[in-house]
1. Given the conditions (1) at pLDDT below 85; (2) within 18 Å of Lys228 (Cβ to Cβ); (3) of a type in the set (Phe, Trp, Tyr); (4) in contact with a strand residue (DSSP E or B) (Cβ under 6 Å, 6 or more places away or on another chain), and given that Tyr167 satisfies all but one, which numbered condition is not satisfied?
2. Name the pairs: first residue in the stretch 251-262 and under 16 Å from Tyr301 (Cβ atoms) and touching a residue at least 40 places away in the same chain (Cβ under 8 Å), second residue aromatic (Phe, Trp, Tyr) and surrounded by 17 or more Cβ atoms within 10 Å (Cβ to Cβ), Cβ to Cβ under 7 Å, at least 6 apart or on different chains?
3. Just name the residue that is farthest from the chain's Cα centre (by Cα) out of those in the stretch 238-295 that are modelled with pLDDT under 75 and under 23 Å from Ala146 (Cα atoms).
4. Considering only residues of the stretch 140-157 that are within 18 Å of His36 (Cβ to Cβ) and either in contact with a His (Cβ under 9 Å, 6 or more places away or on another chain) or modelled with pLDDT under 90 (or both), which is surrounded by the most Cβ atoms within 10 Å (Cβ to Cβ)?
5. Considering only the stretch 31-43, I want to know if a residue exists there that is surrounded by 13 or more Cβ atoms within 10 Å (Cβ to Cβ), over 21 Å from Asp141 (Cβ atoms) and modelled with pLDDT of 85 or more.
6. Across the stretch 424-439, what is the number of residues that are of a type in the set (A, V, I, L, M, F, W, C), in contact with a strand residue (DSSP E or B) (Cβ under 7 Å, 6 or more places away or on another chain) and modelled with pLDDT under 85?
7. How about the stretch 84-135: which of its residues are part of a helix (DSSP H, G or I) and either surrounded by 18 or more Cβ atoms within 10 Å (Cβ to Cβ) or modelled with pLDDT of 70 or more (or both)?
8. Taking the stretch 58-76 on its own, how many of its residues are touching a residue at least 12 places away in the same chain (Cβ under 8 Å) and more than 16 Å from Ser41 (Cα to Cα)?
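The values are calculated or read from the model by the stated rules, or taken from the named source; none is laboratory data. Keep in mind the model is a prediction, meaning the values are calculated, not measured. Because the Cβ atoms are built from the backbone with ideal geometry, glycine has one as well, and the counts that use them run over all protein chains shown.
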Amino acid sequence: MLFLGNINFASADTASDTDTLLNWAENNYPEYFPTHQTTQSVAPWLFRFYPDKNVYAGVNTSNNGVYVLGGPWGIDKPTYIDSLSNLLSVAQNENPTKITAIWMGSTTRRYYVLKSDGSVWTWLGGNSLPSTPSRITELTDITTIARDINSEIALALKKDGTVWQLYPDTAPEQIRELTDIVAINLFENNFLGGDYVYYALKNDGTVWIWGNNRLGQLGNGTFDNNDKPTPVAGLTNITAIYPSNSTCFALKDDGTIWAWGARAWGASDPDGDGVNNRYNTWTPVKLLGLTDVTQIFISKYATKSDGTFWSLVDDSIDPYLLLTYGGHHENPIPIKELTNVVSVGSYPTKLPNLENEFQYYSIRNDGEVWWWKYNEYSRPTTSYTQIYGFSDIISIKHSTYHSLALKNDGTVWSWGNTLVDGAIVYKQDPVQVIGLTGITAIDVSPDLGLLGGASYALKDDGTLWAWGYFVSNALGNGENYDTYRYSAVPVQIKVP
């Protein structure tokens, strides 16, 4: 198509099918069509040019054939691929705008869904607008969202490495200081009444932080808040960041861990004796006694490349440490019961006839689930225990009174306060959620007191389903009501 001559812009009406097809190609084949381009028209051609790859792609309107030129197809002449109608059928059957990720809200908070075309759709719980899913038109080519479930504060990361701030009542704004970002995170410190800290990891391994700094979370040696993203001095070659209420851990590409903030346990060696000490550090320091780390979990545990599982912090309410080491340790210690862990979570749980407890769980790479817990008085109630008969698990989501698990066969299992046949029933053992298959992701909303909360499941066909107790608009259907409603069977949330 280098021979096309004079160029003008095609109208939206005549180029709609071409636009649909080329948008689909850009979203699904970025190795050939890496950027979004405008469709141009020179009779009989409708086409787009991708300068990064020196590739043309378009439609010859005389025969409605789809052609490409350049790149792996060569530049001698346009290469015929297929008819426009056939390729449109392929694109539409693959549902290029199916939902690929979900971030569910609570009470009057905001719900987000991400589609495979990079668009973001949102609605609000409670009697607020928008009450049905509405596209955030300013956001395109989004790859992920970071937010806190109890707030409307959120960040969005675009495919081009830019970061956008999402506001409750105004349009999103690009954060100009951030480019080439590969990961984003934010953390609300519930202990301090809603202090927020924002994190961004650049492709050069530097960490950029901004927000509240009452506990030294910004790692800049001060307690001054900062509303502009600023790199953390001394941190390079970082591959992942793990924030918590008062401490942040960063994992370097050499397998070492660096920490800063209040109660950065085991993150200093002022005596030079090779032993970590309890320490509040306002700039990053290296955690001694642990190398070859591949992942950190909930800022308390880590796995090494050999599959061993380690406790990072001197935490007097960790049941394993209380039972085995009296609750105190200077250096990280291995937990021999657990190996090859791929996921760890924790949540408060209030179960019938039991003291209030805080429960931990881990998922191994073979799908086994192990758990341990302690009560509100910091007394250990159990050691590490495998949940027998519960296998092939790939994800767990939880709230105070109910939990969900996703198995690798696409089925969903629930326990705690579970809706069964239209009634709330406490189930100590997991029961399968009937009517759900082909599930790829799950989520839960915070509980509505003893009623429990809502559960969500994303199917492999891109549809979103929900069941449990709902506040107004939780289903995105515009229904407002004064009392909670529930469904004991999954119902589809309609997103355009």
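1. In the conditions (1) at pLDDT below 85; (2) within 18 Å of Lys228 (Cβ to Cβ); (3) of a type in the set (Phe, Trp, Tyr); (4) in contact with a strand residue (DSSP E or B) (Cβ under 6 Å, 6 or more places away or on another chain), Tyr167 misses (4) alone.
2. Ile257/Phe249
3. Checking each candidate, the answer is Ser246.
4. Asp141
5. Of the residues in the stretch 31-43, the ones surrounded by 13 or more Cβ atoms within 10 Å (Cβ to Cβ) are 32-37, 39-42.
If we keep only those that are over 21 Å from Asp141 (Cβ atoms) as well, we get 41-42.
Restricting the remaining residues to those that are modelled with pLDDT of 85 or more gives none.
No: the stretch 31-43 contains no residue that is surrounded by 13 or more Cβ atoms within 10 Å (Cβ to Cβ), over 21 Å from Asp141 (Cβ atoms) and modelled with pLDDT of 85 or more.
6. At the first step, the residues of the stretch 424-439 found to be of a type in the set (A, V, I, L, M, F, W, C) are 424-425, 431, 433-434, 436, 439.
After this cut, where a residue has to be in contact with a strand residue (DSSP E or B) (Cβ under 7 Å, 6 or more places away or on another chain) as well, the list is 424-425, 431, 433, 436, 439.
Subsequent filtering for residues that are modelled with pLDDT under 85 retains 424-425, 431.
Total satisfying the criteria: 3.
7. Applying the first criterion (part of a helix (DSSP H, G or I)) to the stretch 84-135 yields 84-93.
Once the filter is applied, which keeps residues that are part of a helix (DSSP H, G or I) and either surrounded by 18 or more Cβ atoms within 10 Å (Cβ to Cβ) or modelled with pLDDT of 70 or more (or both), the stretch 84-135 yields Leu84, Ser85, Asn86, Leu87, Leu88, Ser89, Val90, Ala91.
8. Here the count works out to 5.
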